[in-house]
Structure formats: structure tokens, C-alpha cells
Amino acid sequence: MQSILNLVRGSVSTKDFVPVLQCFHIYNGRIQGQNGRIAIDAPFPDMGDITVPAERFLKAVDACDGEPKISVTEEGKLSIKKGAFRAVLPLHDHTAFPRAEKTGEVLATCDGLIAMLRRLRPFISEDASRPWALGILLRADYAYATNNVILARTPFEWSFGDIILPVYAIDELLRIGEEPTVVLVDDTALTFEYKSGAWLRAQLLTGGWPAVE
């Protein structure tokens, strides 16, 4: 359980503008976190449909030092128990969570994704005035990154038109560190599926790169 929570926590919002996005959303034997830019969804022990504050849930499960017993109390709170340890957490409105779904066209191949991201990550810009440079451009047979001083290019087979994969998605993909088995592409997002049944969906950057040779 802890490994799944650590996987999904990377997509949980750290800001309190929308409190429900600071939660884990558990549904139909799966768990999801999302912050409006990235969603990570994974198989999870079936404990009903609940939406619970992520950090408090993580700390409670970690304190159990093993698989806890989890249940919803008659008062509508989440009970977490293991041995002498017990925690009771509040639950959010489950219907208020904007659950992300997988959509898009299956991409034929995306081999070598993680190696390409590691190679180009040091060259991504931090200049927010050029938002198109805050990621990696996938174009035909190459991937590009620039910090507006250096332009880096590496071979990478891509067959779905120009896509700018944002740095916030790149960092999560590198944190997971696993090659996806399937990639779905649509006009606004990429979804990366893994052999475990987990998936990561990332909103794409808009705006065009300048011409590159």
C-alpha cells in the first residue's frame, strides 16, 4: 500500500486553493491524485468510495508499519488501525473530486522515453516568460530542449505531430523511472500507462516553438 501511495502522491496538489485536490480519491479499487495539471491513477485495495486528505492518510499508514485495517465509521470518518495505533481522519465530499479519465489515440511506439528525458532535462528553461521552453518538444525524429542559451537535440521517434511535454510531467515521469507500456495522445494531454495498471495523465503546454534545424 505504501508504495502505491508514494506513486500517487506526486500528483496531489500542495496548494489549498481547491482543498479537494489535496486529497487521495479512492474509487472502484483504484486511487487517484490530481492537481489540475497531472493525474496519477493506480490499482488500490478496495475500501469503498472515499476522498481523504492525502498527507494525513500517508502519515497514518506510515505510522502503522505494515498493512493497516481501514474502515469508514458510522460518523462518516476514516478509521485506520494497526496494533495499538489508531487514527481517525475526516473525509471530503467524494463527488466534488474532478476525477481524470484516460482518453486519446494509442501511440504506436514511445521507446526510450526515460533515457531521452534524462538526457534533455538539464537543458529545460526556467524562464516563465517563454512558456513554450518549459518542456521538451517532440517533433518527428527528434526531441528538443532549450534554456534560451543552449539548444539540445537527441534522436527520438515520434509520430503524432508537434507536442510540448511540460517539465512538471517530465519530473514525475523521471521520479517514477519506468518505461510506459502504452501512450495515449489527444489534443490537450498525454497519458502514460504502466504494466502495473497505473497511469499518469499530463496536460500539454500550448504555444509554438521557433523553427529548429
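Within the stretch 1-45, work out how many residues are among the polar types (S, T, N, Q) and either outside any loop (DSSP other than H, G, I, E, B) or touching a Gly at 6+ places or on another chain (Cβ under 6 Å) (or both). Please lay out each step first, then the result.
Step one: filter the stretch 1-45 for residues among the polar types (S, T, N, Q), giving 2-3, 6, 11, 13-14, 22, 28, 32, 34-35.
Within this subset, residues satisfying the condition of being either outside any loop (DSSP other than H, G, I, E, B) or touching a Gly at 6+ places or on another chain (Cβ under 6 Å) (or both) are 2-3, 6, 11, 22, 32, 34.
Here the count works out to 7.
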| message | Yes or no: the stretch 92-106 includes at least one residue that is free of Cβ contacts under 8 Å to residues at least 60 places away in the same chain and open to solvent by less than 60 Å² (accessible area, probe 1.4 Å). | response | no
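Out of the residues in the stretch 68-82 that are in contact (Cβ under 8 Å) with a residue 12 or more places away in the chain and not in a strand (DSSP E or B), which is nearest to Ser3 (Cα to Cα)?
Narrowing the stretch 68-82 to residues in contact (Cβ under 8 Å) with a residue 12 or more places away in the chain: 68-73, 76-78, 80-82.
From the residues that got through so far, the ones that are not in a strand (DSSP E or B) too are 68, 73, 76-77.
Numbers: Pro68: 14, Thr73: 25, Gly76: 26, Lys77: 24 Å.
The qualifying residue nearest to Ser3 (Cα to Cα) is Pro68.
Here are Phe123, Phe156, Phe160: which of them is in contact with a helix residue (DSSP H, G or I) (Cβ under 6 Å, 6 or more places away or on another chain) and among the aromatic types (Phe, Trp, Tyr)? Show your work before the answer.
On the way: Phe123 fails: in contact with a helix residue (DSSP H, G or I) (Cβ under 6 Å, 6 or more places away or on another chain); Phe160 fails: in contact with a helix residue (DSSP H, G or I) (Cβ under 6 Å, 6 or more places away or on another chain).
Residue meeting the stated conditions: Phe156.
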| field | Hits in the stretch 55-68 - residues which are open to solvent by 50 Å² or more (accessible area, probe 1.4 Å) and modelled with pLDDT under 90 | value | Asp62, Ala63, Asp65, Glu67
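So that you can scan it fast, the table gives a plain yes or no per residue for (1) among the β-branched types (Val, Ile, Thr); (2) more than 16 Å from Glu179 (Cβ to Cβ); (3) open to solvent by 70 Å² or more (accessible area, probe 1.4 Å):
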site	(1), (2), (3)
Arg118	no, no, yes
Ile124	yes, yes, no
Ser129	no, yes, yes
Leu137	no, yes, no
Ala140	no, yes, no
Leu151	no, yes, yes
Pro155	no, yes, yes
Asp162	no, yes, yes
| message | Can you list residue pairs whose Cβ atoms sit under 6 Å apart, with the first residue in the stretch 1-24 being touching a residue at least 60 places away in the same chain (Cβ under 8 Å) and of a type outside the set (A, V, I, L, M) and the second being part of a loop (DSSP other than H, G, I, E, B) and surrounded by 12 or more Cβ atoms within 10 Å (Cβ to Cβ)? Count only pairs 6 or more apart in sequence or on different chains. | response | Ser11/Asn35; Cys23/His92
| If you go through the stretch 144-178, how many residues are under 25 Å from Ser3 (Cβ atoms) and touching an Asp or Glu at 6+ places or on another chain (Cβ under 8 Å)? | 0
| said: One residue is enough: does the stretch 13-22 have a residue meeting the conditions open to solvent by 20 Å² or more (accessible area, probe 1.4 Å), closer than 29 Å to Leu174 by Cβ and among the hydroxyl-bearing types (Ser, Thr, Tyr)? | reply: yes
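The values are calculated or read from the model by the stated rules, or taken from the named source; none is laboratory data. Values in this document were obtained by computation on a predicted structure and should not be read as measured data. So basically every Cβ, Gly included, is an ideal-geometry build from the backbone, and we count neighbours across all protein chains shown. To get the accessible areas, we keep the full protein, side chains included, count just its heavy atoms, and leave off ligands, DNA and RNA. Shrake-Rupley method; radii C 1.70, N 1.55, O 1.52, S 1.80 Å.
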